[in-house]
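Participant: I am attaching a structure below and will ask some questions about it afterwards.
The values are calculated or read from the model by the stated rules, or taken from the named source; none is laboratory data. Fair warning: this is a prediction, and the values are worked out from it, not measured in the lab. All Cβ positions, glycine included, derive from the backbone under ideal geometry; neighbour counts span all protein chains shown.
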Amino acid sequence: MTPCELCGKEAPLMTAMVEGSELNVCTPCGKFGRLIRKPTSFTPKKQKMATPELIETVVSDFAQIVREAREKSGMTQKDFANSLGEKESTLHKIENGTFTPPITLARKLEKLLKITLVETEKEEIADIPKKQSGGLTIGDFIKIRK
């Protein structure tokens, strides 16, 4: 069941016009407004199970892997940077480990050097506990006239 928008109580709801606003309220709160629709039966939606997300990250020792693979292929930093379509300074920073390449650049490096730089990890999603109370409602903010 959904909570009453006025008091927050879990109960069958009806639609009522309260102070010029159309609200879904419980029967006791319905007396503060004009009834628009009678209470309806409600079937709660099933919550989807949290699925782990796949996250791509660059391996921690990327600098050493890139340098060794480039040297093994016999290319200078300048030649390799030109074939990669990047600045020589960018390649220098990657090989020194001061700049972690974004995934797209890491994929380029993998393709040209025939190495593996990107690893895929599963991110565990923590289950969000259900609220004990219905949270804040409009009734928490307004003063009800009697």
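Participant: Can F62 be described as among the aromatic types (F, W, Y) and free of Cβ contacts under 8 Å to residues at least 12 places away in the same chain?
Facilitator: So F62 does not fit the description; no.
Participant: Among the β-branched types (V, I, T) and either modelled with pLDDT under 85 or farther than 30 Å from I94 by Cα (or both): is that true of T57 in this structure?
Facilitator: No.
Participant: Checking T76 against (1) modelled with pLDDT of 90 or more; (2) surrounded by 14 or more Cβ atoms within 10 Å (Cβ to Cβ), which test does it fail?
Facilitator: Result: T76 fails condition (2) only.
Participant: Still on this structure: Out of the residues in region 84-104 that are under 24 Å from the mean Cα position of the chain (by Cα) and outside any loop (DSSP other than H, G, I, E, B), which is nearest to V58 (Cα to Cα)?
Facilitator: I103
Participant: Being surrounded by 10 or more Cβ atoms within 10 Å (Cβ to Cβ), under 29 Å from T51 (Cα atoms) and either modelled with pLDDT under 90 or touching a strand residue (DSSP E or B) at 6+ places or on another chain (Cβ under 7 Å) (or both) is the requirement here; does L105 meet it?
Facilitator: Against the criterion (surrounded by 10 or more Cβ atoms within 10 Å (Cβ to Cβ), under 29 Å from T51 (Cα atoms) and either modelled with pLDDT under 90 or touching a strand residue (DSSP E or B) at 6+ places or on another chain (Cβ under 7 Å) (or both)), L105 does not qualify.
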